[in-house]
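The values are calculated or read from the model by the stated rules, or taken from the named source; none is laboratory data. Quantities reported herein were computed from a predicted structural model and do not represent experimental measurements. When we count neighbours, we look across all protein chains shown, and the Cβ atoms used for this are built from the backbone with ideal geometry, even at glycine.
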Amino acid sequence: MIEVLIVDDDARVARVNAAYVEKVPGFRVAGEAHSAAEALHRLETLPRLDLVLMDHYLPDDTGLSVVREMRGRGHRTDVIMVTAARDVSTVQAAMRNGALQYLVKPFTFAGLRSRLEAYAALRRALDGGGEAEQAEVDRLFGALSAPPEPGLPKGHSPVTAELVRRTLMRADGPLSAQEVAERTGVSRQTAQRCLKLLERTGRARLTLKYGGAGRPEHRYVWAARA
């Protein structure tokens, strides 16, 4: 089994990501951390750790700072960045510090699964040891390639989509587009578009609330709560 540490500032997001990881054969969640300090503590105390899914935005430091500290302490644990940070400088810094993959939020289960499967394929390829001809080297580097996840449809802001996603995840029950709009500060129409996108990608479930003689109200609940 590949032992994974989930690092995310939001405990609910961490639990969802952990549930995703556990659904991929060959992977097991070894622990969770919600701050840079906790992540470094887990790295020192967990008996075995193969991979870290690292958020960048942490309450006490950045995920990249954690990765740099890991390397400074001699930890060779592999890292996949899983974050809403999408500026090129952060992506470049992640590459230079040895992150094997960079998955931008919001993402689907399929997006994470493809990267975990690619990582598992790389580990299997490396287990053979020995020397490698150019074709084998190309295959090893190609093992990390994962099919690109479809981008957001035209008219969808990644930042707004992430805001709506987090709002729905943190809710105690179903929310209407109007309620999401009020909590996020976006327009009702924008909230509705984002909620429909979450529903189409399987991350949210539509429920109907009946009352009065009018049309039922559309309400959305995060799929993990459905």
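Taking Pro106, is it over 22 Å from Val7 (Cβ atoms), under 15 Å from the mean Cα position of the chain (by Cα) and either surrounded by 14 or more Cβ atoms within 10 Å (Cβ to Cβ) or modelled with pLDDT under 80 (or both)?
no
Is it true that Thr207 is among the hydroxyl-bearing types (Ser, Thr, Tyr) and at pLDDT below 85?
The answer is no for Thr207.
Given the structure, is Val79 surrounded by 14 or more Cβ atoms within 10 Å (Cβ to Cβ), in contact with a Gly (Cβ under 7 Å, 6 or more places away or on another chain) and either free of Cβ contacts under 8 Å to residues at least 24 places away in the same chain or not charged (D, E, K, R) (or both)?
yes
So which residues in segment 184-209 are surrounded by fewer than 17 Cβ atoms within 10 Å (Cβ to Cβ) and more than 22 Å from the chain's Cα centre (by Cα), if there are any at all? Lay out the reasoning, then the answer.
Of the residues in segment 184-209, the ones surrounded by fewer than 17 Cβ atoms within 10 Å (Cβ to Cβ) are 185, 187-189, 196, 199-200, 202, 205-209.
Hits for segment 184-209 are Gly185, Ser187, Arg188, Gln189, Leu206, Thr207, Leu208, Lys209.
If you go through segment 192-213, how many residues are more than 20 Å from Phe107 (Cβ to Cβ) and touching a Lys or Arg at 6+ places or on another chain (Cβ under 9 Å)?
The total comes to 4.
Somewhere in segment 57-76, is a residue surrounded by 16 or more Cβ atoms within 10 Å (Cβ to Cβ), in contact (Cβ under 8 Å) with a residue 60 or more places away in the chain and outside the structural domain of Arg165 (by TED's automatic domain parsing)?
no
Would you confirm whether or not segment 118-130 contains a residue that is closer than 29 Å to Val159 by Cβ and surrounded by 14 or more Cβ atoms within 10 Å (Cβ to Cβ)? Break it down into steps so the answer makes sense when it comes.
First, the residues of segment 118-130 that are closer than 29 Å to Val159 by Cβ: 118-119.
Going one step further and asking which of them are surrounded by 14 or more Cβ atoms within 10 Å (Cβ to Cβ), we end up with 118-119.
Yes.
Quick one: Ala18 ticks every box in (1) within 12 Å of Val79 (Cα to Cα); (2) free of Cβ contacts under 8 Å to residues at least 40 places away in the same chain bar one, so which box is it?
Evaluating Ala18 over (1) within 12 Å of Val79 (Cα to Cα); (2) free of Cβ contacts under 8 Å to residues at least 40 places away in the same chain leaves (1) as the failure.
For Gly155, state whether it is at pLDDT 80 or above and loosely packed, with under 13 Cβ neighbours inside 10 Å.
So Gly155 does not fit the description; no.
Might you check whether a residue that is at positive phi, outside any strand (DSSP E or B) and surrounded by fewer than 19 Cβ atoms within 10 Å (Cβ to Cβ) occurs anywhere in segment 85-97?
no
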